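Data block below; observations after.
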Amino acid sequence: PDRADSPSAGHRGGSQETATGIEALGRRALLQKGDVPSSADLGALFEEAIFRLSLDVLLVGVWNTIQMAVPHLIEPEEGAFVVTASTTALMDFSDGTGGTDGYAASKASVVSLVKSYAVHLGPHNVRINAVVPTGVDTPMVVGNEAMAKVHAGHPELRQAMNNVMPVRLVQPSDVSDAVLFLVSDKA
């Protein structure tokens, strides 16, 4: 904090120096001003950091990957690119926290990004698709205590994740089979 009565008030530049040191190690640092004795400020900082991290990994990471791949597909004017999103992109899904909101916003944005790139890449004979699976029988879904806590506190989120068809979870091979088809010549 930048308060005069703070123990660190006489120390200037400490947070920037720390961030620079973290970044020198190849890591990311997010500097955000806040009053750590205030639980409201601290909670808001963590929520924003989680939200931004979700967007950085799940949306910006996908965009970066597309950017790296596109020149290698446009030049030969052939190829296919498949992005994985989530059915969360297609539903109302929030518990008001940064993690859940970041996940839902990222997945919806990825689907929109794929639609835009389909129009951009089509004239170059390059296909891009999104696979949008429901719950998959993986450790992210099965046995994930953090997800179980969110569902316990917000049963509407669990309900939103239910399938229309009587299938609780799909298998990872169901998703990979869809991806394999979309990158095949049959697609």
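Based on C-alpha pairs under 8 angstrom that are at least 6 apart in sequence, the range 36-144 has a relative contact order of 34 percent.
Note on V183 and D95: the extension gain reaches 28.1 nm, defined as 0.36 nm multiplied by sequence separation minus the Cα-Cα distance. Using C-alpha pairs below 8 Å separated by at least 6 residues, the relative contact order for the range 65-109 is 32 percent.
Just how much of T138 is accessible, in Å², when a 1.4 Å probe is used and the result is rounded to the nearest 10? About 40 Å², ignoring ligands and nucleic acids.
Per atom type, the range 63-187 shows carbon and sulfur on 59% of its accessible surface, probed at 1.4 Å. Charge tally for M91 (other residues, Cβ to Cβ under 15 Å; Lys, Arg +1; Asp, Glu -1): -2. Expressed per residue, the C-alpha convex hull volume of the range 86-187 stands at 112 Å³. Packing-based ranking of 121-131, 177-187, 99-109 yields 99-109, 121-131, 177-187, ordered from highest to lowest mean Cβ neighbour count within 10 Å.
The values are calculated or read from the model by the stated rules, or taken from the named source; none is laboratory data. Model, not experiment: these values are computed from the prediction. Neighbour counts are summed over all protein chains in view; Cβ atoms, including those assigned to glycine, are modelled from backbone coordinates with ideal geometry. In case anyone asks, the SASA skips ligands and DNA or RNA and just uses the protein heavy atoms, side chains included. Shrake-Rupley method; radii C 1.70, N 1.55, O 1.52, S 1.80 Å.
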